[in-house]
Amino acid sequence: MLMDTVKALCPLFGPSGMEDEVRDYIRREAEPYADKLIVTPNGTLLVFKKGRKAAKCCILLAAHVDEVGVIVTSVTDAGFLRFAFVGGMDRRVVLGKKVFLGPNRIPGIIGMKPIHLTDSSERERIPKVRDLYIDIGAKDRAEAETLVEEGTFGCFAPEITELQNGFLRAKALDDRVGCAVLLETLKEELPADTWFAFTVQEEIGSKGAFGAAFHVKPDVALVLEGTSAADTPGRDGADRVCMPCHGPVLSMMDKGSIYDPGLFRMLQKLAEERGIPWQIKTRIAGTTDAHAMQTNLSGCKVAGISVPLRYIHSPSCVGNVSDIEAVKTLTAAFLEKMEDYDG
């Protein structure tokens with residue numbers, strides 16, 4: 001069931017600022033199990049579900065629904081589309097990739113000058129965004145503008161590929177894996193009253209998380225994420241940051257937050273007691289919605305559990321089923337502990 005939900009969520013169209021399709025799917029699935037549903041003005045979905053008893057503190061679980069993508073900035077006379085990235089992306093990984101643009105999902109390909117027409121200096125440098133364009137097959141500007149307007153958002157191709165040994169390739173595993181864990185968790189009986197936040201615009205600065213925390217005013221927030229695994233050829237030891245098939249990733253700190261030490265130790269102990277493999281992220285990098293929640297109003301205690309993902313923020317993220325399932329198991333254990341947690 002969990003992986004069915006991951007596979008249903010990843011193909012949905014949801015670049016930052018255009019998350020309606022993802023949120024609406026989650027809302028339909030969550031509604032039969034929810035005691036309260038709220039959509040904030042900027043689009044975050046908040047779900048409240050009662051547990052076996054009232055919690056001693058306000059608990060919030062969060063995952064972001066948005067993904068990295070593109071936005072069309074101009075159209076050339078020849079009908080090609082200039083664009084910018086929505087969220088942090090590596091220009092090296094997008095060449096030749098399929099994108100789908102706007103509500104009509106107009107297909108296009110990211111291209112640049114062919115290799116036969118480049119000189120040696122061009123071939124040795126990473127192309128800049130201004131060197132790239134999206135080709136939708138339009139014959140000229142007029143035709144292109146009937147299909148795609150300036151300001152149109154796009155995301156990468158929705159196909160999912162099952163690889164060997166439980167590995168899965170898809171766009172938007174960051175953070176549809178977290179959304180899937182939350183959605184499947186709220187369908188189950190909960191130990192205590194819990195809020196769930198499916199936040200928007202995380203990839204451009206956690207805009208949705210700030211509003212979610214302002215509304216809910218949590219005492220404790222657990223953020224579920226995807227994080228960068230670099231266990232690829234040529235990287236050893238701490239340079240690998242974290243590794244697929246080694247369980248959930250626990251962080252003490254990233255570039256936006258210092259996670260609560262007590263909650264970190266609690267997650268570590270829960271994992272060890274229940275035989276859940278876990279790992280520490282060995283590089284201080286990236287940010288999550290935790291920093292927006294941690295600094296909201298009077299603040300709250302934050303903790304994070306992440307799924308290790310290769311090629312994050314690319315058209316082809318790769319993660320392992322075992323890690324996703326382990327994150328759900330650890331999340332359930334965390335909620336059980338929260339039943340009597342008073343901070």
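The values are calculated or read from the model by the stated rules, or taken from the named source; none is laboratory data. Everything numeric here is computed off the predicted structure, so don't read it as measured data. Backbone-built Cβ (ideal geometry, glycine too); neighbour counts: all protein chains shown.
Here the condition is being β-branched (Val, Ile, Thr) and at pLDDT below 95; of VAL39, VAL75, VAL99, VAL93, it holds for VAL93 alone.
Checked against the criteria, ALA54 does not count as among the hydrophobic types (A, V, I, L, M, F, W, C), buried (at least 18 other Cβ atoms within 10 Å of the Cβ) and within 30 Å of GLU189 (Cβ to Cβ).
The set of residues in region 150-176 that are assigned by TED's automatic domain parsing to the domain that holds ILE109 and among the hydroxyl-bearing types (Ser, Thr, Tyr) contains only THR152.
Which residues, counting only those in region 15-43, are without any contact (Cβ under 8 Å) to a residue 60 or more places away in the chain, assigned to a loop (DSSP other than H, G, I, E, B) and closer than 30 Å to PHE85 by Cα?
The initial filter retains those residues of region 15-43 that are without any contact (Cβ under 8 Å) to a residue 60 or more places away in the chain, namely 20-21, 24-25, 27-28, 31-32, 35-37, 39.
Imposing the further condition that a residue be assigned to a loop (DSSP other than H, G, I, E, B) reduces the set to 35.
Correct list: empty.
Looking for something in a strand (DSSP E or B) and surrounded by fewer than 16 Cβ atoms within 10 Å (Cβ to Cβ) - is there at least one such residue anywhere in region 44-51? It would help to see each step written out before you state the result.
Here is the first cut: in region 44-51, the residues in a strand (DSSP E or B) are 45-49.
Restricting the remaining residues to those that are surrounded by fewer than 16 Cβ atoms within 10 Å (Cβ to Cβ) gives none.
No, there is no match, as no residue in region 44-51 is in a strand (DSSP E or B) and surrounded by fewer than 16 Cβ atoms within 10 Å (Cβ to Cβ).
Restricting LEU95, LEU147, LEU81 to those that are in contact with a strand residue (DSSP E or B) (Cβ under 7 Å, 6 or more places away or on another chain), under 26 Å from GLU202 (Cα atoms), of a type outside the set (Val, Ile, Thr) and crowded, with 18+ Cβ neighbours inside 10 Å reduces the list to LEU81. Condition (residue is aliphatic (A, V, I, L, M), under 15 Å from LEU250 (Cα atoms) and assigned by TED's automatic domain parsing to the domain that holds GLY247) applied to region 295-304: is it met by at least one residue? Yes, some residue in region 295-304 is aliphatic (A, V, I, L, M), under 15 Å from LEU250 (Cα atoms) and assigned by TED's automatic domain parsing to the domain that holds GLY247. Residues of region 279-337 that are in contact with a strand residue (DSSP E or B) (Cβ under 7 Å, 6 or more places away or on another chain), surrounded by fewer than 19 Cβ atoms within 10 Å (Cβ to Cβ) and in a helix (DSSP H, G or I): VAL321 alone. For region 210-228, filtering for residues that are in contact with a helix residue (DSSP H, G or I) (Cβ under 7 Å, 6 or more places away or on another chain) and over 14 Å from ALA290 (Cα atoms) leaves 0. Counting only residues that are more than 19 Å from the chain's Cα centre (by Cα), surrounded by 12 or more Cβ atoms within 10 Å (Cβ to Cβ) and over 19 Å from MET338 (Cβ atoms), region 246-278 holds 4 of them. Just so you know, in region 201-228 the residues that are under 18 Å from the mean Cα position of the chain (by Cα) and β-branched (Val, Ile, Thr) include one that is surrounded by the most Cβ atoms within 10 Å (Cβ to Cβ), and it is VAL223. Selection of region 12-43 for residues being of a type in the set (D, E, K, R) and surrounded by fewer than 19 Cβ atoms within 10 Å (Cβ to Cβ) yields ASP20, GLU21, ASP24, ARG27, ARG28, GLU29, GLU31, ASP35, LYS36.
For region 251-278, residues that are under 18 Å from GLU225 (Cβ atoms), of a type in the set (Gly, Ala, Ser) and in a helix (DSSP H, G or I) total 1.
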